Each structure stands twice: as structure tokens, then as C-alpha cells.
């Protein structure tokens, strides 16, 4: 039997059909990607933050049950955004424009906001807008619409019920006056992740990148199993929050030099100038004395509920003690420090912040540990525990949770409402402890050319960190009150 010959027209028809099928599949794939991550259509120029989801309005309702997010999407959200971004009164509330159904995204800028929504949904004709495929891009001002697309190379893979978040601090830091947002200069420049909230609990994955000098550069990039440290012996068993990190001490000197070049008037810049004036490289000496592991714990404080206690493992206690002695000797000359022994351990206490809220930063070298706290009493209790109490053993509940987090360079577990409240104050959300119990845990690990933070609980993982709220409180206290007279005994 002879086969029928395939003519040129049939071949052309088959090729055309294949091209159309491939194009249709590509368009379908693009549509599906945009449905999960419509923020890719948000105008890129000046974009600070974008939030996207397949059902963004529904996901925002889920976030209302989570501390901090509740404030960000609650009744005062417009006031908070206006204060953070310097919006004028003419910028409307972006959340009011989110459609009740379908995929959508909101982008925030210093000049206002943009919203990506399905074109089939009823729009807001009184605002500037343009069509982009099956989506409509609406903005609070025509200037924001002038930028095409997003800076991201592809969608963020996330579950269907997750909110996709992108944060870019670089434009804000580049345009801010010197000294403004100084604390934010320590943070990663970019963050992208997915947040899933359900029943008052959340699971989150964040990918962090540091384009320039940031605090993550001080961490040992090699992920570690467990959380071994000699400092656990000084941590109280009843601590409500614990944090473990492994530093890369040899990076401290170069990191401080870079930080000084980027912000000469910042705290590190001033420390570097003092080093050069005195001819003593304090930061390099401290880096050489540290072993790497550090433990931070929330310890009881009568005035504020809890305060952090920092405990660093030392590989050279004599070197650390020599540096502390030099610092104390210089500070005594200015009348701002008192040094008193306790159980054979000299404790140096700075009295500069006592006029404001009772903060008296204290430091001591006890054996192979460097102890730092906001009050002298916290260090005395830590010294007592090392001699007569077991500290926070590996079998304690918080330690078990931390051991179960997996490998990382930073790990934290918190049950502290006061820590959550301190973060709220630092973010400008106001004081007030959250209702109900607090549960927050997270682990940070180096992956590829960035860092990945994974967390779960009833509060975001980054709210388990005690370092940044402590540094902010300490800086404000010491800056706003002058030194008092002191002596060395």
C-alpha cells in the first residue's frame, strides 16, 4: 500500500500549528507565573516594597492575626505608611483599591503606590492606569506609571496561599540624608520571600542579599548543626528568648573599615577615628580575642520586663581583658565609668544613660567568656550562675527547639512579649504587649550568594532577634543624656 505524500502546504500547516502551540504554552506559563506573582508587573523605578498574592485581599485578612503585620494592615496603616515614606495627604490608601478577588500586587514608593489587578475586575477610573496584557496597572500618580515591569528576573516560587514580598532598601538609603535610616544601613539591601499565615500562625522563607556592608557579613558563612557554646553556662534557665550565632571574628576589622567609608559620621566611624588617635586597634583586638559562638538571652529586668544579656566565647581571654582595661582607663578619665570587682571579676559600668531610663551598659571578662549587658546586676547574676547554677542546659525546652531548627549561622527562639513590644517601638508601631502567647523561631543559613531565613510561629522569625532593638535603645539612651561623675575603685 502506497502512503499518501505529504505536500508542502501540509508541512507548513504542521509547523504553524507547532509554533502556535508553543506560543500558547508560553503565554499560559507566563499567565500562571503572573497569577502567583503579579508583582513582576509593578513599575520598577524607585520601588521599595511590593506585596503580591493570588488572593491578596484574603491573604491580608489572614495576616491581621499576626503581631506586627496586624499593625501594618490595620486601621492605622495609612498613617504608618505616610510617616515611613513621607507621603503627603493627597496619596490615598492603597489597600482600599485591592480587588476582592483574583491575583493582585501592591508596590510602595516614596512618591506613592502602584497596584496590579486583573483587567476584568472593576477599576478605579479616577486614578492613572494602563493596560498590561490581562492586568491593569493603577497608580496614585502618573509619574509612577512611567517605569515598565519589575527588576526581578523571574517569579518567586511560593505556595498558592502565600504572600510574595519583595523589599529593596537600596533606593531609600541612596537618597536619604546622611545619618537618616542609619540603623537600616546594617541590614541587607534586598529581601524576597513568601509568607503563609493561617489560624494565627505563619511559615516564612526569606532570601536576603547584601550588595554592600551589612551585619550578615560578620557571621560565619558555614552552617552549623546544633548550637554549641560555652556561654550557655551563664544563661538563666527561665530565659524567655534565646539567640545563638556564630561570628567570623577575623572579618570584624575589615567590616568596620568598610562601614566607616560608607558612613564616616556613624558610630563605627567615630570608633575608628578614636582608634587612629590613640593608636590602638580596639576592634581588631576584640576580633582576635573572640572564638566565634555568641549567646544572647532575655533576662528579667524590673523596669522593662526583660533585657538582653550577651555572652561571647573567647579564644584569648587575656587579650579581651587587656582591651577592656584600655577602654575603661580612657573612659574613667572622662568621668563616665565606674569599675567594681564582683567575686574576683572586675565589672565596668558606663553611667552615661542612667539619667534617661536607668540603662548602665556593663562589661566583664569572666574566665573564657565576655559578658555584656545593659545593667550591672545582669552581669553579677551571670557570674553567680557560672559558679553555682547549671545555666541553660541542652535539654531545656528552648534549647530543644533551637537544636531542631537545622543547620545555620544564626538561630533564635522567643516566647517574650516584651521583645515583640520592643520591636514594635523600634518600627514606630507603638508600645503595648500583644494579646495571647508569643512563639517565634528562625534559622539563618548561607545558600549560594545570599542568605536564607526560615521561620514559623505566631510572630515573624526576625522578631526573635534581640540585637537590633538593644542597639537602638542603647544608642538613643547614650545620645540623649550626658555622662555623670564616676570613679574607679
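In the set (1) touching a helix residue (DSSP H, G or I) at 6+ places or on another chain (Cβ under 9 Å); (2) at pLDDT 85 or above; (3) farther than 28 Å from residue 459 by Cβ, residue 97 fails one condition alone, (1).
If you check 52, 65 for being outside any helix (DSSP H, G or I) and either in contact with a helix residue (DSSP H, G or I) (Cβ under 9 Å, 6 or more places away or on another chain) or within 15 Å of residue 100 (Cβ to Cβ) (or both), only one passes: 52.
Can you confirm whether the range 22-38 contains a residue that is at pLDDT 80 or above and not in a loop (DSSP other than H, G, I, E, B)?
The answer is yes; a qualifying residue exists.
Only one of the numbered conditions (1) over 25 Å from residue 438 (Cα atoms); (2) in a strand (DSSP E or B); (3) at pLDDT below 85 is violated by residue 299, and that is (1).
Selection of the range 440-463 for residues being at pLDDT below 90 and under 25 Å from residue 373 (Cα atoms) yields 462, 463. Among the residues of the range 83-92, the ones that are more than 18 Å from residue 47 (Cβ to Cβ) and surrounded by 14 or more Cβ atoms within 10 Å (Cβ to Cβ) come to 1 in all.
Just checking, does the range 468-475 include any residue being within 30 Å of residue 344 (Cα to Cα), assigned to a loop (DSSP other than H, G, I, E, B) and modelled with pLDDT of 80 or more? No; the residues of the range 468-475 include none that is within 30 Å of residue 344 (Cα to Cα), assigned to a loop (DSSP other than H, G, I, E, B) and modelled with pLDDT of 80 or more.
For the range 221-238, filtered to residues that are within 12 Å of residue 299 (Cα to Cα) and either modelled with pLDDT under 90 or out of contact with any strand residue (DSSP E or B) (no Cβ under 6 Å at 6 or more places or on another chain) (or both), the residue that is surrounded by the fewest Cβ atoms within 10 Å (Cβ to Cβ) is 238.
Checking each residue in the range 68-93 for being out of contact with any helix residue (DSSP H, G or I) (no Cβ under 6 Å at 6 or more places or on another chain) and part of a helix (DSSP H, G or I) picks out 70, 71, 72, 77, 78, 79, 80, 81, 82, 83, 84, 85. When residues in the range 381-433 are screened for being out of contact with any strand residue (DSSP E or B) (no Cβ under 8 Å at 6 or more places or on another chain), under 22 Å from residue 230 (Cβ atoms) and assigned to a loop (DSSP other than H, G, I, E, B), 8 of them pass. Within the range 310-323, being out of contact with any strand residue (DSSP E or B) (no Cβ under 6 Å at 6 or more places or on another chain) and crowded, with 18+ Cβ neighbours inside 10 Å holds for one residue alone: 323.
For every residue, the table says whether it meets (1) under 14 Å from the mean Cα position of the chain (by Cα); (2) in a helix (DSSP H, G or I); (3) closer than 30 Å to residue 312 by Cβ; (4) at pLDDT below 80.
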site	(1), (2), (3), (4)
156	no, no, no, yes
177	no, no, no, yes
207	yes, no, yes, no
211	no, no, yes, yes
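Taking the listed residues 398, 330, the one that is under 30 Å from residue 442 (Cβ atoms) and in contact (Cβ under 8 Å) with a residue 24 or more places away in the chain is 398, with no other qualifying.
Residues in the range 277-293 that are within 12 Å of residue 251 (Cβ to Cβ) and not in a helix (DSSP H, G or I): 290, 292.
The values are calculated or read from the model by the stated rules, or taken from the named source; none is laboratory data. As the structure is a computational prediction, the values presented were derived from the model and not from experiment. Neighbour counts are summed over all protein chains in view; Cβ atoms, including those assigned to glycine, are modelled from backbone coordinates with ideal geometry.
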